[in-house]
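To start, the structure itself, in structure tokens.
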Amino acid sequence: MDLKIKNKVAFISGSSSGIGYATAKVLLNEGAKVYINGKNKKKLDDSTEKLKKLFPKSEIFSVCGDFLQENQVDEIIKKLPDIDILINNVGIYKSQSFFETKFNDWMDPFTVNFMSGVKLSKNILPAMLSKNWGRIIFISSECAYLVPEDMIPYSVTKASMHALSKGLANLTKGTGVTVNVIVPGSTLSEGAEEFLTSLSKKDKISLEEVKKRFFKNVRTSSLINRFANMEEVATTIAYFSSPLSSATNGSIIKVEGGSTSGLS
Ligand SMILES: NC(=O)c1ccc[n+]([C@@H]2O[C@H](COP(=O)([O-])OP(=O)(O)OC[C@H]3O[C@@H](n4cnc5c(N)ncnc54)[C@H](OP(=O)(O)O)[C@@H]3O)[C@@H](O)[C@H]2O)c1
């Protein structure tokens, strides 16, 4: 299927690895020009080089910057050209008892996961509205629904994102711009692998066993009963980045393997 995004310009926050990087690959394969981002310059440069090797004819750019640092966010925004597709993907989380959370355990995920999308959208949406075309996608999480007891701050940032996305979609009424949320479930990104590896070390069991136990004991509501791979999520993001998805606006699209159950 041709996604019809040739020469569209995309920015993906937090994309030097993980779901963001996998999405960059799909968009590049469809002929888009892609700006990737990360806070570690060396890793970002390496990922950019890897993409240039994979897609030698494509236009690939990198913008280094940490969404936790306000001045760096301003610098990222200054470096961006006119963007057609904004994918608010950057997200951080940690597993922690609610009773041990301190102020920054709330503010850091809020700054990175939520405020990054506020700032980028505030700067990018006006031009999309003027040219009557654009796509803004917020990458949420099944945690917005499941709210695991050890990840309350993270889950709150993702649930807030749904209201933000809906509000921005309301601003696009009657235009060709759409704003939607994609809800991944447990997905085997490098970040998730690292998290699972730390559990495997902590509990002294194999990584495979950690993954099996996760669906047996923790994510029991999953219907696919396995981790999604990054491509499964990336192709969904790419579809909703494309003109083909023009009748979907203000929506929440789930690619969580059925884990959030219910009818909504
Ligand atoms: N993986 C899952 O199971 C899962 C499930 C549901 C939702 N999600 C959501 O999907 C999105 C992507 O997740 P992922 O698992 O692919 O994440 P990941 O593997 O942890 O993502 C890593 C990417 O984010 C960048 N990054 C992290 N902190 C940053 C910051 N402060 N500023 C700029 N870049 C930063 C990293 O760059 P550096 O290495 O330079 O920091 C790297 O490029 C997140 O919003 C996450 O909440 C993931």
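The values are calculated or read from the model by the stated rules, or taken from the named source; none is laboratory data. Keep in mind the model is a prediction, meaning the values are calculated, not measured. All Cβ positions, glycine included, derive from the backbone under ideal geometry; neighbour counts span all protein chains shown.
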Exercise for review: Report the residue count in segment 5-42 for those that are among the small types (Gly, Ala, Ser) and more than 22 Å from Gly91 (Cα to Cα).
Suggested key: 2
Study note, to complete from the structure: Checked segment 185-204 for anything at pLDDT below 95 and among the aliphatic types (A, V, I, L, M); matches are Ala192, Leu196, Leu199
**Study point:** Condition check for Thr197: away from the ligand (no atom under 15 Å from the Cβ) and either assigned to a loop (DSSP other than H, G, I, E, B) or among the hydroxyl-bearing types (Ser, Thr, Tyr) (or both)
**Key:** no
Review point. Out of all the residues in segment 23-40, which are surrounded by fewer than 24 Cβ atoms within 10 Å (Cβ to Cβ) and near the ligand (Cβ under 8 Å from one of its atoms)?
Key: Lys39, Asn40
Exercise for review: Please enumerate the residues belonging to segment 94-128 that are within 16 Å of the ligand (Cβ to nearest atom), out of contact with any helix residue (DSSP H, G or I) (no Cβ under 7 Å at 6 or more places or on another chain), assigned to a helix (DSSP H, G or I) and farther than 13 Å from Glu70 by Cα.
Suggested key: Asn104
Review point. Just for segment 209-255: of the residues that are in contact with a Phe, Trp or Tyr (Cβ under 9 Å, 6 or more places away or on another chain) and assigned to a helix (DSSP H, G or I), which one is nearest to the ligand (Cβ to nearest atom)?
Key: Met230
Study note, to complete from the structure: Among (1) within 24 Å of Ser242 (Cβ to Cβ); (2) surrounded by fewer than 14 Cβ atoms within 10 Å (Cβ to Cβ), Ser47 falls short only on (2)
Check your understanding: If you scan segment 215-230, which residues turn out to be touching a helix residue (DSSP H, G or I) at 6+ places or on another chain (Cβ under 6 Å) and either surrounded by fewer than 17 Cβ atoms within 10 Å (Cβ to Cβ) or under 23 Å from Ile5 (Cβ atoms) (or both)?
Key -> Asn225, Met230
Check your understanding: Which one of these is more than 7 Å from the ligand (Cβ to nearest atom), at pLDDT 95 or above and closer than 20 Å to Pro109 by Cα: Ile12, Ile19, Ile5?
Key -> Ile12
Point to revise | Residue match in segment 241-249 (condition: within 30 Å of Val9 (Cβ to Cβ) and free of Cβ contacts under 8 Å to residues at least 12 places away in the same chain) | key: yes
Study note, to complete from the structure: The number of residues in segment 129-154 that are of a type outside the set (A, V, I, L, M) and near the ligand (Cβ under 10 Å from one of its atoms) is 6
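Is segment 59-69 home to any residue that is of a type in the set (Val, Ile, Thr), at pLDDT 95 or above and within 9 Å of the ligand (Cβ to nearest atom)?
No, segment 59-69 contains no residue that is of a type in the set (Val, Ile, Thr), at pLDDT 95 or above and within 9 Å of the ligand (Cβ to nearest atom).
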Check your understanding: Exactly one of (1) under 27 Å from Leu188 (Cα atoms); (2) crowded, with 19+ Cβ neighbours inside 10 Å; (3) not hydrophobic (A, V, I, L, M, F, W, C) is unmet by Lys8. Its number?
Key -> (1)
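Would you mind stating whether Lys102 is over 14 Å from the mean Cα position of the chain (by Cα) and over 30 Å from Phe214 (Cβ atoms)?
No.
Answer yes or no as to whether Asp74 is in contact with a helix residue (DSSP H, G or I) (Cβ under 9 Å, 6 or more places away or on another chain), within 16 Å of the ligand (Cβ to nearest atom) and not hydroxyl-bearing (Ser, Thr, Tyr). Reasoning before the result, please.
Details: in contact with a helix residue (DSSP H, G or I) (Cβ under 9 Å, 6 or more places away or on another chain): yes; within 16 Å of the ligand (Cβ to nearest atom): yes; not hydroxyl-bearing (Ser, Thr, Tyr): yes.
Against the criterion (in contact with a helix residue (DSSP H, G or I) (Cβ under 9 Å, 6 or more places away or on another chain), within 16 Å of the ligand (Cβ to nearest atom) and not hydroxyl-bearing (Ser, Thr, Tyr)), Asp74 qualifies.
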Check your understanding: Just one of the numbered conditions (1) in the same structural domain as Gly20 (by TED's automatic domain parsing); (2) under 17 Å from the mean Cα position of the chain (by Cα); (3) at negative phi is not true of Gly250; which one?
Key -> (3)
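Taking the residues in segment 111-148 that are under 12 Å from the mean Cα position of the chain (by Cα) and hydroxyl-bearing (Ser, Thr, Tyr) as candidates, determine which candidate is farthest from Gly257 (Cα to Cα).
Ser116
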